[in-house]
Amino acid sequence: MAHISKADKSRSVLLQLLRGGPATIEDLASETDLTPNAVRFHIASLEAEGEVETAGTRKHEGAGKPAVLYILTPQAEISFSKAYAPVLAATVQELRGSVPSDQVVPFLKRVGDRLAGAPNKSRRSLAQRVAAGASLLNDLGGATTVQKKKDMFVIKGQGCPLGAVVAGDPCVCSAVESLLTNVIGAPVKQCCAHGARPSCCFEVPFEG
């Protein structure tokens, strides 16, 4: 079992408290066994990581500087939800039963296109664009590295950000393949490992 540090426990408690709404450093300290300075330290760290943001101030009844209010970011709110994977899995199952099988992958590719937005037309090198694609997967919950081979780059992942869904239906990887194709601005081919513990793998041939 992985060891959970005292700092991680404190951060988790603070995030849970902020789910209840805006709070000041003093509010959070009063609800925990942490000192205001300790709370301030953890909140600063969470703010740097994009989990917490400021939301105005609250005036004191007496004299003194208004206290800063903190709230969870949308990113942090999403991290608390356990509904996304089962909803996506159910959606894919419904799609399987509602449209011809040869239309499922094209549909998921269009989903990937929509997630990516406009295709990348950057003049950056292919290596830089592949790195940006790998970084995007990491932001989505992956743990990827980029390997350079004889005639291609390979984005290799330890696990899969959609693993809970991909284990039941590997076709979901098509959406990620399309997403990366748009983000990188070059053809991307999936070579993912499927099964009970899926892991990402995407090949990007050298240009020219």
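The values are calculated or read from the model by the stated rules, or taken from the named source; none is laboratory data. Remember, predicted model here, so these are calculated numbers, not experimental data. Positions of Cβ are backbone-derived with ideal geometry, glycine not excepted, and every protein chain shown enters the neighbour counts.
Pairing residues of the stretch 77-106 that are closer than 24 Å to Leu46 by Cβ with residues that are charged (D, E, K, R), at Cβ distances under 9 Å and at least 6 apart in sequence or on separate chains, gives Glu77/Arg19; Ser79/Glu51; Phe80/Arg19.
Every condition in (1) closer than 19 Å to Val104 by Cα; (2) surrounded by fewer than 16 Cβ atoms within 10 Å (Cβ to Cβ) is met by Leu180 except one, and the failing one is (2).
Among the residues of the stretch 58-95, how many are farther than 30 Å from Gly168 by Cα, among the polar types (S, T, N, Q) and surrounded by fewer than 13 Cβ atoms within 10 Å (Cβ to Cβ)?
0
There is no residue in the stretch 148-158 that is within 27 Å of Ser101 (Cα to Cα) and touching a residue at least 40 places away in the same chain (Cβ under 8 Å). Residue-level check: of (1) over 22 Å from Gln75 (Cα atoms); (2) assigned to a helix (DSSP H, G or I), Lys150 misses just (2).
Looking at Gly163, Gly142, which one is buried (at least 17 other Cβ atoms within 10 Å of the Cβ), under 18 Å from the mean Cα position of the chain (by Cα) and in contact (Cβ under 8 Å) with a residue 40 or more places away in the chain?
None of the other options fit; the residue is Gly142.
Do we have any residue at all in the stretch 120-138 that's in contact (Cβ under 8 Å) with a residue 24 or more places away in the chain, assigned by TED's automatic domain parsing to the domain that holds His194 and farther than 15 Å from Gly185 by Cβ? The answer is yes; a qualifying residue exists.
Would a scan of the stretch 48-55 turn up a residue that is assigned by TED's automatic domain parsing to the domain that holds Gln75, surrounded by 14 or more Cβ atoms within 10 Å (Cβ to Cβ) and out of contact with any strand residue (DSSP E or B) (no Cβ under 8 Å at 6 or more places or on another chain)? No, the stretch 48-55 contains no residue that is assigned by TED's automatic domain parsing to the domain that holds Gln75, surrounded by 14 or more Cβ atoms within 10 Å (Cβ to Cβ) and out of contact with any strand residue (DSSP E or B) (no Cβ under 8 Å at 6 or more places or on another chain). Taking the stretch 39-72 on its own, how many of its residues are modelled with pLDDT under 90 and outside any strand (DSSP E or B)? Summing the residues that are modelled with pLDDT under 90 and outside any strand (DSSP E or B) in the stretch 39-72 gives 8.
For the condition surrounded by fewer than 18 Cβ atoms within 10 Å (Cβ to Cβ) and within 20 Å of the chain's Cα centre (by Cα), Gly195 does not qualify. No other residue among Arg124, Arg110 is of a type in the set (Lys, Arg), farther than 24 Å from Lys82 by Cα and in a helix (DSSP H, G or I) apart from Arg110. Of all residues in the stretch 141-149, one or more are under 20 Å from Ser122 (Cβ atoms) and of a type in the set (A, V, I, L, M).
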